Amino acid sequence: MKISFVLFLFFGFTLFQVQGQENVKTYTFKEGEVLDIVLIHKSENADTLFNRYKKTVFPVGFEYSYQPQSGFTVSKLTLGTNKPDGVLFGKWESKKKREGFLTTITKRVPDFHQQRRALFPYFGLTYYEIKKDVAFSVDASKYNVMTALWQKSQQSEPNFFEQWKAEVLALGGEVIITLENGTSPTGYYYNPDILCMVAWKDEKAFNTFAQKHPLSTYNTLKNVHQFAIQ
């Protein structure tokens, strides 16, 4: 199912905006804030179901400091078997408030999980506590790729990611952001050892890199999930 418009999220529930936004999206997070990364598939009747979800769940999220951020559609799956429709970004004031929402929402909205499953047949969530102030931008005119890496063992090749990143930089890639030590709630598990976003000049530049350094050949990796966003 292809989504034809940009996703503007509220962590697993979406408001839909027509494409045509500015090319560059900028994100800023202060130390102690929390960044949500959510991968979703949207159900065929999500537009109908969303109205109740918005009325019941949104107010609780806002009470707990949730701030929606611009999201992306997934244009192409490059590694792995799961192609999500979209990637949603979100912000919370603190880990305490983010997790407070998780423990409170089913008390306030008993059918919260049922509503979410009906809206999103697939919903993978990882949230990251920001350790120091950070700002990053995503330029839609470039070929932007998200890569999730799971290693068999950190001890097997402890410098693997640094070596891989050096190879990315050597062939013209720009590492936009790297995320580690995330948390995934029960039932929504998607928690790679490392999640990073790389900007390439164009798809050809990315393909040149992928052919020269195919992630599928690295024995240190247990799993890889990689896709282009727009």
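The values are calculated or read from the model by the stated rules, or taken from the named source; none is laboratory data. Computed from a prediction, not measured in an experiment: that's the story for all the values here. Cβ sites come from the backbone with ideal geometry, for glycine too, and all protein chains shown count toward neighbours. With ligands, DNA and RNA removed, areas are computed over all heavy atoms of the protein, side chains included. Shrake-Rupley method; radii C 1.70, N 1.55, O 1.52, S 1.80 Å.
Skip the ligands, DNA and RNA, and give the accessible area per residue of the chain with a 1.4 Å probe, whole Å². List each step's numbers first, then the result.
Working: 11240 Å² over 230 residues.
Each residue of the chain exposes 49 Å² on average to a 1.4 Å probe.
What's the center-to-center distance, using Cα atoms, between segment 163-230 and segment 103-154 in Å?
16 Å
For a quick check, take a GNM of the chain with Cα springs below 10 Å and name the residue from 220, 103, 147 with the largest mean-square fluctuation.
Comparing 220, 103, 147 in a Gaussian network model of the chain, the most mobile one is 103.
Size of the dipole of segment 143-230 about the Cα centre, Lys and Arg at +1 and Asp and Glu at -1 on the beta carbon, nothing else charged, in debye to 20?
In debye, rounded to 20, segment 143-230 gives about 160.
Take the chain, mark every one of the GluC sites (Glu not before Pro) that falls in a DSSP loop and has at most 12 other Cβ within 10 Å, then report the longest stretch left between them, sites excluded.
Excluding the exposed sites themselves, the longest stretch runs over 45-230.
At 7 Å along Cα-to-Cβ for each site, give me the label-to-label distance between residue 93 and residue 31 in nm.
A separation of 1.9 nm, rounded to one decimal place.
Computed FRET efficiency, Cβ-Cβ of residue 55 and residue 215, R0 41 Å: what is it to the nearest 0.05?
Using R0 = 41 Å, I get an efficiency of 0.45.
How big is the chain along each principal axis, measuring the range of its Cα positions in Å and listing the largest first?
Rounded to whole Å, the extents work out to 50, 38, 31 Å.
Measuring from label point to label point, each 7 Å out along Cα→Cβ, what is the residue 76 to residue 174 span in nm?
The answer from the label model is 1.9 nm.
When all protein chains stay in place, what accessible area (Å², nearest 10, 1.4 Å probe) is found for residue 195?
Approximately 10 Å² for this residue.
For a quick check: with amide H placed at 1.01 Å from N, whose amide H comes under 5 Å from residue 190's, ignoring anything fewer than 5 positions away on the same chain?
125
Please give the FRET efficiency for residue 141 paired with residue 106, using the beta carbon to beta carbon distance and R0 = 41 Å, rounded to the nearest 0.05.
With R0 = 41 Å, the Cβ-Cβ based efficiency is 0.45.
Using a basic spin-label model with each label point 7 Å from the Cα along Cα→Cβ, how many nm lie between residue 113 and residue 181?
About 2.9 nm, to one decimal.
In a Gaussian network model over the chain where Cα atoms closer than 10 Å are linked, find which of 89, 161, 123 has the largest mean-square fluctuation.
In this elastic network of the chain, the residue with the biggest mean-square fluctuation among 89, 161, 123 is 161.
About the Cα centre of segment 93-178, how large is the charge dipole given +1 on each Lys and Arg Cβ and -1 on each Asp and Glu Cβ? Please answer in debye to the nearest 20.
Here segment 93-178 has a charge dipole of around 580 debye.
Choose one answer from 67, 163, 151: the residue with the largest mean-square fluctuation in a GNM of the chain with alpha-carbon springs under 10 Å.
163
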